[in-house]
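Working notes for the structure below.
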Amino acid sequence: MLKLSNIKLAKARDLTQLTAIASEILGISEACIKELKIHRLSIDARRKSDVCFVYSLLVSIDDRRSGHSAQSGQNGYHTEAHSVTAHQKSKSRQYPQVDVSQFISPEPYVFPVAKDTSKTIVIVGMGPAGLFSALCLAEAGIKCVIVERGQAVDERVKSVAHFWKEGFLDEESNVQFGEGGAGTFSDGKLTTGINDRRILFVLERLVAFGAPEDILYLAKPHIGTDKLRDVVAALRQRLIELGCDVRFGHKLTDVKITDGALSHAVIQHGQSSYTISTDTLVLAPGNSARDTFEMLHQRGFKLTPKAFSVGVRIEHLQSEMDASQYGQAQSPETSLPASDYKLAAHLKNGRSVYTFCVCPGGQVVAAASEWGGVVTNGMSQYMRDDDNINGALLVSITPDDFGNEPLGGVAFQRKLEQSAFLAGGGNYSAPAQLVGDFLKKMTSKGRGRITPTYLPGVTYCNLWDVLPEFVCDALLEALPIFSKRIGGFADSDAIMTAVETRSSCPLRIERENYETVGIRGVFPCGEGAGYAGGIMSAAVDGIRCAEAIINAL
């Protein structure tokens with residue numbers, strides 16, 4: 001199979017059009033192309049006068065139809081895939097920059113075979129880590145008991161919608177807790193900084209459960225909250241078909257340790273509790289399971305404080321961000337996707353300010369999981385076609401900022417969330433301020449040309465009275481820096497809504513070979529254990545955790 005890289009096009013093309021382009025590059029007829037797949041697609045917006053789609057294609061040649069299996073085409077390329085043994089350049093006049101090389105498909109990831117399928121394995125949490133850990137174990141023949149404190153996605157959507165409309169918070173079924181984890185109410189981004197062969201496995205399984213096929217090749221793949229909800233429901237149905245016992249509204253409240261090893265899990269359901277006899281538990285609670293962290297601390301698990309970040313959600317008009325990044329290139333004819341951004345600045349005092357979880361064409365959402373606290377997050381549909389773009393604008397926090405205690409970061413987060421709750425009016429409205437007023441340290445009286453999307457609503461105020469001074473000072477320094485990189489980022493009418501505190505876990509559950517240090521039988525994984533930072537990395541960590549269990553068996 002041949003790989004054609006660096007194909008730059010002014011607008012998106014379908015497979016028929018790409019086949020014609022590939023035939024020109026290779027100097028063969030379209031009839032000789034047996035198969036063509038998009039390997040990767042990205043946007044190059046470095047020069048606003050020449051924004052383009054950059055394709056990488058995989059092409060399989062039908063040598064029988066070419067009529068010269070070892071002959072060269074008009075551009076000098078042999079028609080057999082294996083005959084391209086070195087990196088070559090296209091000789092096509094229209095596409096001279098295209099690279100042509102041999103492509104060898106990587107070995108597909110295969111989960112290890114379970115030799116002992118008789119064990120009762122309990123999995124706590126149905127976020128990406130818990131779901132993929134359960135899926136791999138179940139397909140290996142191990143029927144797990146899966147407990148999730150929140151509700152199935154359909155019921156969860158109802159409770160979240162009620163919270164956003166009426167301000168009534170269900171502390172067990174919300175944006176943080178429930179089927180699919182916090183990522184269910186997000187943009188469904190699948191980008192990650194890790195490089196792992198399990199990534200393609202996760203992507204392919206997500207597609208099998210209903211995710212868009214373009215996540216297999218987009219440089220910045222996303223599913224969108226609307227499609228992700230159906231995907232996690234289909235994954236759950238597969239687990240049930242494989243014999244897993246899925247229990248919603250069941251929360252881990254305690255563990256029993258005997259001779260340094262897990263012996264029982266204590267589960268609460270409604271007003272009653274029960275125990276499950278087990279010596280193997282996958283702990284994937286998500287980074288908001290503060291009561292679980294407290295229980296583990298009391299039971300002697302080793303928890304280590306770690307750095308995290310806090311800040312605000314910043315909103316701009318999507319059209320203005322598109323114009324700033326694409327210039328005049330954005331039009332119905334080019335079909336460029338909604339633009340996003342990724343910014344970071346290292347300040348003179350050693351702190352970092354950066355953007356995270358950017359949601360093009362999306363909305364800022366209320367993401368609290370505890371009464372009396374305001375938490376913001378971002379969410380967007382697959383089409384990303386709403387008016388605003390929002391992103392987390394975060395300031396780095398170190399353990400020294402909260403006393404270097406295992407649960408100190410939780411206390412730090414909670415204090416900020418309670419401060420935001422009071423500043424918002426005590427009804428889950430969020431405190432908000434225009435960027436122009438923030439830079440002048442003035443109280444905002446109302447919105448400008450940008451309508452805030454946070455529900456139940458916002459209360460305009462001065463965020464200097466809500467956030468710690470060092471957080472405000474860092475944002476004050478970073479905003480002009482970012483505006484130089486993306487024009488209009490520090491626009492006076494842009495809206496900052498507080499407070500964003502759940503971008504990552506403030507602690508780590510220490511483990512060795514994926515098993516908790518000092519206590520056998522508990523396998524912490526995912527964001528809530530402090531080992532992941534997004535849907536993809538959490539899913540991969542869950543798979544690795546399942547592998548460790550299989551190896552232990």
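Give me the pairs: first residue in region 346-364 and modelled with pLDDT of 95 or more and among the basic types (Lys, Arg), second residue open to solvent by less than 10 Å² (accessible area, probe 1.4 Å) and outside any strand (DSSP E or B), beta-carbon distance under 7 Å, and six or more apart or on different chains, which are they? These pairs meet every condition: ARG351/ALA474.
Give the residue that is nearest to ASP473 (Cα to Cα), with candidates limited to residues of region 371-400 that are without any contact (Cβ under 8 Å) to a residue 60 or more places away in the chain and out of contact with any helix residue (DSSP H, G or I) (no Cβ under 7 Å at 6 or more places or on another chain). Ranking the qualifying residues of region 371-400, first place goes to ASP400.
Between VAL458, VAL466, VAL540, VAL522, which is farther than 30 Å from THR117 by Cα and touching a residue at least 40 places away in the same chain (Cβ under 8 Å)? Spell out the reasoning first.
On the way: VAL458 fails: touching a residue at least 40 places away in the same chain (Cβ under 8 Å); VAL540 fails: farther than 30 Å from THR117 by Cα; VAL522 fails: farther than 30 Å from THR117 by Cα.
From the options VAL458, VAL466, VAL540, VAL522, the qualifying one is VAL466.
Restricting attention to region 273-292, which residues are within 12 Å of LEU252 (Cβ to Cβ) and of a type in the set (Asp, Glu)? If the condition is that a residue be within 12 Å of LEU252 (Cβ to Cβ) and of a type in the set (Asp, Glu), then ASP291 is the only one that fits. One residue is enough: does region 169-178 have a residue meeting the conditions closer than 22 Å to SER537 by Cβ, touching a residue at least 12 places away in the same chain (Cβ under 8 Å) and outside any loop (DSSP other than H, G, I, E, B)? No, every residue in region 169-178 fails to be closer than 22 Å to SER537 by Cβ, touching a residue at least 12 places away in the same chain (Cβ under 8 Å) and outside any loop (DSSP other than H, G, I, E, B). Note on region 86-95: residues that are open to solvent by 100 Å² or more (accessible area, probe 1.4 Å), in contact (Cβ under 8 Å) with a residue 40 or more places away in the chain and not charged (D, E, K, R) amount to 1. Within region 96-130, the residues that satisfy the criterion of being over 30 Å from LEU57 (Cα atoms) and open to solvent by 40 Å² or more (accessible area, probe 1.4 Å) are PRO112, VAL113, LYS115, ASP116, THR117, SER118, LYS119, THR120.
For region 255-270, a tally of residues being open to solvent by less than 50 Å² (accessible area, probe 1.4 Å) and either in a strand (DSSP E or B) or among the aliphatic types (A, V, I, L, M) (or both) returns 7. A Cβ distance below 6 Å, combined with a sequence gap of six or more or placement on separate chains, defines the contacts here; from region 218-236, residues that are open to solvent by less than 10 Å² (accessible area, probe 1.4 Å) reach residues that are of a type in the set (Phe, Trp, Tyr) and outside any helix (DSSP H, G or I) in the pairs GLY224/TYR382; VAL231/PHE209; LEU235/PHE209. Put simply, of GLY327, GLY300, GLY286, GLY311 the only residue that is surrounded by fewer than 17 Cβ atoms within 10 Å (Cβ to Cβ) and either at pLDDT 95 or above or charged (D, E, K, R) (or both) is GLY300. Would you be able to say whether some residue in region 425-441 is among the basic types (Lys, Arg), open to solvent by 30 Å² or more (accessible area, probe 1.4 Å) and touching a residue at least 24 places away in the same chain (Cβ under 8 Å)? No: region 425-441 contains no residue that is among the basic types (Lys, Arg), open to solvent by 30 Å² or more (accessible area, probe 1.4 Å) and touching a residue at least 24 places away in the same chain (Cβ under 8 Å).
On the stretch given as region 18-36, residues that are under 32 Å from the mean Cα position of the chain (by Cα) and either open to solvent by 40 Å² or more (accessible area, probe 1.4 Å) or in contact (Cβ under 8 Å) with a residue 60 or more places away in the chain (or both) total 1.
Using the structure shown, decide if ARG247 is open to solvent by 50 Å² or more (accessible area, probe 1.4 Å), over 25 Å from LYS143 (Cα atoms) and modelled with pLDDT of 95 or more.
Considered against the rule, which asks whether it is open to solvent by 50 Å² or more (accessible area, probe 1.4 Å), over 25 Å from LYS143 (Cα atoms) and modelled with pLDDT of 95 or more, ARG247 comes out as no.
Residues that are in contact with a helix residue (DSSP H, G or I) (Cβ under 9 Å, 6 or more places away or on another chain), assigned to a loop (DSSP other than H, G, I, E, B) and farther than 20 Å from TRP464 by Cβ within region 404-445 comprise GLU405, PRO406, LEU407, ASN427, TYR428, listed in sequence order. Whether any residue in region 312-320 is under 22 Å from the mean Cα position of the chain (by Cα), over 17 Å from GLY487 (Cβ atoms), charged (D, E, K, R) and assigned to a loop (DSSP other than H, G, I, E, B) is what I want to check. No, region 312-320 contains no residue that is under 22 Å from the mean Cα position of the chain (by Cα), over 17 Å from GLY487 (Cβ atoms), charged (D, E, K, R) and assigned to a loop (DSSP other than H, G, I, E, B).
Of the strands (runs of 3 or more DSSP E) entirely within region 450-553, those holding at least 2 residues that are open to solvent by less than 30 Å² (accessible area, probe 1.4 Å) occupy 495-500, 507-509, 522-524.
Go through the residues of region 482-492 one by one and say whether even a single one is touching a Lys or Arg at 6+ places or on another chain (Cβ under 7 Å), of a type outside the set (Asp, Glu) and modelled with pLDDT of 95 or more.
No: region 482-492 contains no residue that is touching a Lys or Arg at 6+ places or on another chain (Cβ under 7 Å), of a type outside the set (Asp, Glu) and modelled with pLDDT of 95 or more.
Among the residues making up region 363-383, a single one is open to solvent by 10 Å² or more (accessible area, probe 1.4 Å) and in contact with a His (Cβ under 9 Å, 6 or more places away or on another chain): TYR382.
The values are calculated or read from the model by the stated rules, or taken from the named source; none is laboratory data. All of these numbers come straight from a predicted model, not from anything done at the bench. Note: ideal-geometry Cβ built from the backbone for every residue, glycine included; neighbour counts use all protein chains shown. The accessibility values were calculated without ligands, DNA or RNA, using every heavy atom of the protein model including side chains. Shrake-Rupley method; radii C 1.70, N 1.55, O 1.52, S 1.80 Å.
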